1. As an exercise, use a Förster radius of 25 Å and the Cβ-Cβ distance of Asn152 and Leu123 to find the FRET efficiency, rounded to the nearest 0.05.
2. Please find the FRET efficiency linking Arg16 to Asp144, where r is the Cβ-Cβ separation and R0 is fixed at 41 Å, and quote it to the nearest 0.05.
3. Grab the DSSP H runs of the chain that are 4 residues or longer, score each as -39,500 (n - 2.57), total them, divide by all residues and round the 222 nm result to the nearest 500 deg cm²/dmol.
4. How much length is gained if the chain between Arg104 and Glu87 is pulled fully straight, taking 0.36 nm per residue apart and subtracting their Cα-Cα distance, in nm to one decimal?
5. Report P(r) for segment 5-157: all Cα-Cα distances, bin width 10 Å, range 0 to the bin holding the largest distance, values in whole percent.
6. Between Glu40 and Asp54, what length in nm is gained on full extension when 0.36 nm per residue of separation is reduced by their alpha carbon distance?
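Derivation of every value follows stated rules applied to the coordinates shown; laboratory data play no part. Every value quoted in this text rests on a predicted model; they were computed, and no experiment measured them. Cβ atoms come from the backbone with ideal geometry, glycine included; neighbour counts cover every protein chain shown.
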Amino acid sequence: MTKPRAMAMIDLDLMREWLALPSPGAGDLQFLAQHGVAREAIHRAGGLAVARIDTGGRLWAPEPAGTPAFILPVWDGPAPSIYCGVENPMLIDMIAWRPDDARRWWCRQDDFDSALGADHLDLAHTENRPISLHQTPLQWLQADCRGACLLNYCAAAWGMVAA
């Protein structure tokens, strides 16, 4: 399916923004390791960044004076990594979560249909197999990016999705 030209530009802008975000520092990596996240999981996720953010509703935006947060890319399909070469990776969102409360996260885009591990969801559906669902992006990383984290559950839990 071919995407409309305007959508392709949005994806390109999002990818540029993702690539401009700073990588985690030694302290960030130490925090993640202490919480059971292996470096391999960060690679499998397609990367991890850090940023200072401001939040409004369920969205986040970069803010130099904002609160530090981890940023995970949300891919439409397999994440490009050293473990998985992906010819045309499609970045569809970026999720921000704060180290002090991984139970709450914010989307960069307004996309209700995104999930961390979307390729695992597709595979489970295609092969009619069970899948592990994780409540937070941190738990998904702790599980070495196996299974999925349904990101729109967050919006539903906050009562922001019309029934």
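1. Approximately 0.80, to the nearest 0.05.
2. After rounding, the FRET efficiency stands at 0.90.
3. Rounded to the nearest 500, the figure is -9000 deg cm²/dmol.
4. Taking 0.36 nm per residue and subtracting the Cα distance, the gain is 2.9 nm.
5. Using 10 Å bins, I get a P(r) of 11, 43, 38, 8, 0 for segment 5-157.
6. So the chain would gain 2.2 nm between Glu40 and Asp54.
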